[in-house]
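This report refers to the structure that appears directly beneath it.
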Amino acid sequence: MANKKRRSRAKPRSGTRPRSRPSVGGAHIGARLRWLAALALIGMIGGGYAWWTMRHWQPARAAYAMQGAIIGNSDGDVDFASIKAIGANFVYVEASASAFARDPAVVKNLDGARVAGVQVGALHKYDPCQPADKQAANFVTVVPRDAKMLPPAVELEQLAEDCPVKVTDAAVISELMTFLNQIETHTGKAAILKLGTNFETKYHIAHAIDRNLWLSRDRVEPEYGGRPWAMWTANSGLINTATDQPLRWVVVQQ
C-alpha cells in the first residue's frame with residue numbers, strides 16, 4: 001500500500017511572528033472609554049452652560065415687578081444710574097454690623113442711590129454676641145431718620161455658638177426683639193428679617209418674631225421660613241453690565 005504523503009506545515013519565516021486575532025474585549029473597552037469621554041465632555045459643556053445661565057439669570061419681571069440689589073463696600077464704586085438702567089427699582093445698602101462696625105461706603109452709597117432716584121434701605125448685620133442696645137446705637141448713628149427710606153433690614157446669619165460668653169437661645173431671641181424695637185422707633189417702620197438657613201434652624205425666628213421675611217436661595221424659591229416671604233435674594237452673583245463685581249439680586253413678593 002502506497003504511503004500517503006504528509007502535508008508539511010509551513011514554518012514561519014525567521015524574524016516574523018504568527019498573526020494573532022484582535023482582542024474582542026479590548027475593542028469593547030476602547031469603545032466604552034470613548035463613550036465615557038463623550039459623556040464627560042457633554043457634562044462639562046452642560047455644567048458650563050448652567051453656570052453661565054445662572055450667573056446671568058434674573059427672575060421674570062412679570063412674576064416679580066419690583067427687583068433690586070444689595071450694595072456694600074465690597075461692590076466697589078457703584079454707578080447707581082447704571083444699576084437703575086439694568087432694572088433695579090431699589091437697593092439695600094450695607095450700613096452697620098455688630099456694635100461698632102460700619103460699612104466704609106455707606107454714606108456714599110446712600111447718597112448715590114438718592115441722586116439716581118433709586119429707592120434705598122439700610123441693612124444691619126446682627127451679632128448675637130453683642131448687646132442689643134449697643135448694636136441699635138451703632139445703627140441709628142449711621143442711618144438717618146428719613147421717612148422716604150425703605151424699612152430697615154436685619155441680616156441674621158451669625159450664630160451665638162462662638163460667643164466668648166455663653167448666650168442662650170432664649171436670650172438671642174429676647175435681645176433681637178430689643179434691637180428691633182429700638183431701630184423701629186428710630187426709623188418709624190417695621191424691620192425686615194433677612195434670615196439665613198442656619199439661624200432659622202437654630203432659633204426658629206420665623207415663628208418666634210412676627211416680621212416680614214427676606215430669604216435667600218439661588219434660582220429656586222426658598223421655603224425654609226415655613227411661611228410666605230416678602231423678599232428673596234434670587235441670585236447671589238448676578239453678572240451684569242452695571243458693575244465690575246457680581247450683584248446680589250433681590251426680588252419682592254407681589
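The values are calculated or read from the model by the stated rules, or taken from the named source; none is laboratory data. The model shown is predicted, which means the values in this text are computed figures rather than measured ones. Every residue, glycine among them, receives a Cβ derived from its backbone with ideal geometry; neighbour counts consider all protein chains shown.
Within region 73-104, the set of residues being out of contact with any Phe, Trp or Tyr (no Cβ under 6 Å at 6 or more places or on another chain), buried (at least 20 other Cβ atoms within 10 Å of the Cβ) and either modelled with pLDDT of 95 or more or in a strand (DSSP E or B) (or both) comprises Phe80, Ile83, Ala88, Val91, Tyr92, Val93, Glu94, Ala95, Ala97, Asp103. Here Ala147 meets each of (1) surrounded by fewer than 18 Cβ atoms within 10 Å (Cβ to Cβ); (2) in a helix (DSSP H, G or I) with one exception, condition (2). Here Trp229, Trp214, Trp249 are screened, and the one residue that is part of a loop (DSSP other than H, G, I, E, B), out of contact with any Gly (no Cβ under 7 Å at 6 or more places or on another chain), buried (at least 21 other Cβ atoms within 10 Å of the Cβ) and of a type outside the set (Asp, Glu) is Trp229.
Residue pairs whose Cβ atoms lie under 6 Å apart, sitting 6 or more positions apart in sequence or on different chains, and linking a residue in region 219-237 that is under 16 Å from Leu193 (Cβ atoms) to a partner that is surrounded by 12 or more Cβ atoms within 10 Å (Cβ to Cβ) and of a type in the set (Phe, Trp, Tyr), are Met231/Trp214.
Reported count of residues in region 105-131, each being of a type in the set (Gly, Ala, Ser) and surrounded by fewer than 22 Cβ atoms within 10 Å (Cβ to Cβ), is 4.
Please find, within region 115-145, the residue that is farthest from Asp162 (Cα to Cα) out of those that are within 26 Å of the chain's Cα centre (by Cα) and among the charged types (D, E, K, R). Taking the candidates together, the pick is Lys125.
Here Ala234 meets the list (1) out of contact with any Pro (no Cβ under 8 Å at 6 or more places or on another chain); (2) modelled with pLDDT of 95 or more; (3) more than 19 Å from Pro128 (Cβ to Cβ) almost entirely, failing just condition (1).
Checking each residue in region 150-170 for being among the aliphatic types (A, V, I, L, M) and either surrounded by fewer than 17 Cβ atoms within 10 Å (Cβ to Cβ) or part of a loop (DSSP other than H, G, I, E, B) (or both) picks out Leu150, Leu159, Ala160, Val165, Val167, Ala170. Say whether the condition of being among the polar types (S, T, N, Q), under 16 Å from the mean Cα position of the chain (by Cα) and closer than 19 Å to Gly72 by Cβ is met by at least one residue in region 208-225. Among the residues of region 208-225, at least one is among the polar types (S, T, N, Q), under 16 Å from the mean Cα position of the chain (by Cα) and closer than 19 Å to Gly72 by Cβ, which makes the answer yes.
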